[in-house]
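Read the structure below first, then the notes.
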Amino acid sequence: MTSTTGTTADLHLRAGATADGAWDVRVTPEVAGWGWTSLRAADLAPGQEVHLDTGDDEVVLVPLRGSLTAVVSGTEGESARYELAGRASVFAGPTDVLYLPAGSTAVLSTSPDDDGARVGVPGARTGVLPDGVRKPVRHITADEVAVELRGAGTCTREVRNFASADVDVASKLVAVEVVTPGGNWSSYPPHKHDETSEHESELEEVYYYEVAPGPDGQAGVGYHRTYSTSEREDRQVDVLVEVRDRDTVLVPHGWHGPCMASPGNHLYYLNAMAGPADDRAWRIVDDPDHAWVRSTWADQPTDPRLPLGGPQ
């Protein structure tokens, strides 16, 4: 179990705070001070190449803006080329993604004739697994991504389940995209997954945020909350932060939620989760003070603005 005293300075990473080379977001287990979960992001100019060595992490390549070519080599030296059809932005619907097991290398590139791209890379520390356990490289097209409208009313959000726990693509990593329309709350009611039990999985979590701008390009904001579930001194956390475009928030433990989208600004986050268990499950427990809100959703319609990007 990760034992971290969580301060805002430790857990809210402003855009660029973890930049390293081509990666303007680079959260590794070593950077986060925990055991399993990682997330990287980078911009690619037209015609640019970025080299990725997954090392001991399995990862998923998620085009956030634009399309990508990935030339992938595995532990045996074989290589293959994948074309990932992307999107105009994270608010334009699902995208193709590409799963890579630990021990892979990839050269990511964009066409010189396009407008460049941005890629997110959620990951989980697995080590190089033996044959029969190791998952193969897998290209998931946008039309294969299950889109779920979760909640109702002002708690409606769109979840794109490209590597959710019920999608047999990874060995340890659980990763999804969530879009919260302006004025709505997501990751609500507040919940946790920091212990191993019949009802709960122990999972670290990264939230990477993008915020839709205003009508004239004004910078938008959202809000994120994480708070303690335990009286232990080494398990205290108290975070309530204004998140801006490309900020990252770490959740080592504790109740987390809501994630709040300010009116007029849609809020996106890419979630990466991993932990010590072998069963790759996502079991959560709601904060009992707020769990009652789920019972109100049955009498409310889902937000008609969703799904963003048209019918899925």
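Taking the numbered list (1) within 15 Å of the chain's Cα centre (by Cα); (2) surrounded by fewer than 19 Cβ atoms within 10 Å (Cβ to Cβ) in turn, Glu210 passes all entries but (2). The set of residues from the stretch 107-139 being touching a residue at least 60 places away in the same chain (Cβ under 8 Å) and more than 17 Å from Val60 (Cα to Cα) comprises Thr110, Ser111, Pro112, Asp113, Asp114, Asp115, Gly116. The strands (runs of 3 or more DSSP E) found wholly in the stretch 94-182 and carrying at least 3 residues that are open to solvent by less than 10 Å² (accessible area, probe 1.4 Å) and β-branched (Val, Ile, Thr) occupy 174-180.
Phe91 meets the conditions (1) hydrophobic (A, V, I, L, M, F, W, C); (2) open to solvent by less than 20 Å² (accessible area, probe 1.4 Å); (3) assigned to a loop (DSSP other than H, G, I, E, B) in every case but one. The failed one is (2).
When Gly254 is tested against the conditions (1) closer than 22 Å to Val121 by Cβ; (2) over 16 Å from the mean Cα position of the chain (by Cα), the lone failure is (1).
The residue that is nearest to Ala261 (Cα to Cα), counting only those in the stretch 183-199 that are surrounded by 22 or more Cβ atoms within 10 Å (Cβ to Cβ) and hydroxyl-bearing (Ser, Thr, Tyr), is Ser186. For beta carbons closer than 6 Å, sequence separation of 6+ or different chains, a first residue in the stretch 72-89 that is closer than 13 Å to Gly309 by Cβ and a second that is open to solvent by 70 Å² or more (accessible area, probe 1.4 Å) and in a strand (DSSP E or B), the qualifying pairs are Ser89/Arg65. Here Pro29 meets the list (1) under 21 Å from Val128 (Cα atoms); (2) in contact with a Lys or Arg (Cβ under 6 Å, 6 or more places away or on another chain); (3) open to solvent by 30 Å² or more (accessible area, probe 1.4 Å) almost entirely, failing just condition (3).
Here the stretch 156-181 is the region considered, the condition is being under 15 Å from the mean Cα position of the chain (by Cα) and of a type in the set (Ser, Thr, Tyr), and the residue that is nearest to Ala272 (Cα to Cα) is Ser164. Number of residues in the stretch 1-24 that are modelled with pLDDT of 95 or more and small (Gly, Ala, Ser) equals 6. So Glu202 ticks every box in (1) in a loop (DSSP other than H, G, I, E, B); (2) of a type in the set (Asp, Glu); (3) open to solvent by 30 Å² or more (accessible area, probe 1.4 Å) but one. Which box is left unticked? Result: Glu202 passes all but (3).
Return yes when Arg65 is within 20 Å of Val211 (Cα to Cα), in contact with a Pro (Cβ under 9 Å, 6 or more places away or on another chain), charged (D, E, K, R) and open to solvent by 10 Å² or more (accessible area, probe 1.4 Å) and no when it is not.
Considered against the rule, which asks whether it is within 20 Å of Val211 (Cα to Cα), in contact with a Pro (Cβ under 9 Å, 6 or more places away or on another chain), charged (D, E, K, R) and open to solvent by 10 Å² or more (accessible area, probe 1.4 Å), Arg65 comes out as no.
The values are calculated or read from the model by the stated rules, or taken from the named source; none is laboratory data. As the structure is a computational prediction, the values presented were derived from the model and not from experiment. We place every Cβ from the backbone using ideal geometry, glycine too, and count neighbours over all the protein chains shown. These area figures cover heavy atoms from the full protein model, side chains too; ligands, DNA and RNA do not enter into them. Shrake-Rupley method; radii C 1.70, N 1.55, O 1.52, S 1.80 Å.
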